[in-house]
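Down below is the structure, laid out as structure tokens.
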Amino acid sequence: MFIPIGDDNRDRRILPLVNFALIAANVLVFVFLQGFGSNARFTYALSMVPEEILTGRDVVTEDRVVSDPETGEQFAVPGLQPTPWSVYLTLLTSMFMHGGLAHLFGNMLFLWVFGDNIENSMGHVRYLIFYLVCGLAASFAHIATVVALSQDPNVPSLGASGAISGVLGSYLLLFPKRAVRVLMLRTVITVPAIVAIGMWFVFQLISGLGMLGGSETGVAYGAHIGGFVAGFALVKLFMLGLPPAEPRWR
């Protein structure tokens, strides 16, 4: 699988302060508020729960013990915790939390590689609003998927993946042939963005279709696809009145 590690930034005119701040916020929340993932009660209080968004009612559940189907090992899973404010604010708070180090690192790597180019094209304020709007669209897409597939609406969702998927969608539209360096099988190669991002999106589609067959992975592919589509569809709107992005062809 392709892992992006860099792209062509020679046309960058501004320092991507918002992108830096978003990365810092995600890292700081994971380290200091989630305790590197150990503070489950904080995480279960501020994650987005589809049932809460659909009903507007805070859902609190009991702790439970579950067993690993392969090893038989039992471990405690905290129940949903009281949300200290309106449940609708979890649509925002959930964007800045992650389920583990690998989840955080993967998301921040994609944001580091692709986000600065979109901020450079939109400017700081528009980029921040665009990022948050894509994240909200991704959450609503996830909720729609949960309802459509009759999944458990009390399973919490968290992560920046939906918003970052919107960044990828906008990047694909603005810079389809921009050179992206990717790591593949321990080798660094350069491919056009349409290949790097296109392969990522195809994987999301295939995995999302797998959910229709009853496959459960714990990954919110509906959110990824929804965020990507939102970013692709909205980027031109957010670019109104600005000079067009200059694509690089090599």
Out of all the residues in region 49-64, which are among the β-branched types (Val, Ile, Thr) and either in a strand (DSSP E or B) or without any contact (Cβ under 8 Å) to a residue 40 or more places away in the chain (or both)? 55, 60
Check residue 67 against each of (1) in contact (Cβ under 8 Å) with a residue 60 or more places away in the chain; (2) small (Gly, Ala, Ser); (3) farther than 27 Å from residue 148 by Cα and name the one condition it does not meet. (1)
When you look at residue 118, is it within 21 Å of residue 16 (Cβ to Cβ), assigned to a helix (DSSP H, G or I) and β-branched (Val, Ile, Thr), yes or no? yes
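Limited to region 219-234, what total is found for residues that are surrounded by fewer than 24 Cβ atoms within 10 Å (Cβ to Cβ) and not aromatic (Phe, Trp, Tyr)?
Qualifying residue count, region 219-234: 5.
Pick out the one residue from 20, 42 that is more than 30 Å from residue 187 (Cβ to Cβ), of a type in the set (Phe, Trp, Tyr) and surrounded by fewer than 18 Cβ atoms within 10 Å (Cβ to Cβ).
On the way: 20 fails: more than 30 Å from residue 187 (Cβ to Cβ).
On inspection, the qualifying residue turns out to be 42.
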Only one of 72, 37 is buried (at least 16 other Cβ atoms within 10 Å of the Cβ), among the small types (Gly, Ala, Ser) and at pLDDT below 95. Can you tell me which? 37
Please specify each residue of region 142-199 satisfying the condition of being within 16 Å of the chain's Cα centre (by Cα) and over 14 Å from residue 228 (Cβ atoms). 143, 156, 157, 158, 159
Does residue 89 satisfy being in a helix (DSSP H, G or I), exposed (fewer than 15 other Cβ atoms within 10 Å of the Cβ) and in contact with a helix residue (DSSP H, G or I) (Cβ under 9 Å, 6 or more places away or on another chain)? yes
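The values are calculated or read from the model by the stated rules, or taken from the named source; none is laboratory data. Keep in mind that what you see is a predicted model, and the values were worked out from it rather than measured. So basically every Cβ, Gly included, is an ideal-geometry build from the backbone, and we count neighbours across all protein chains shown.
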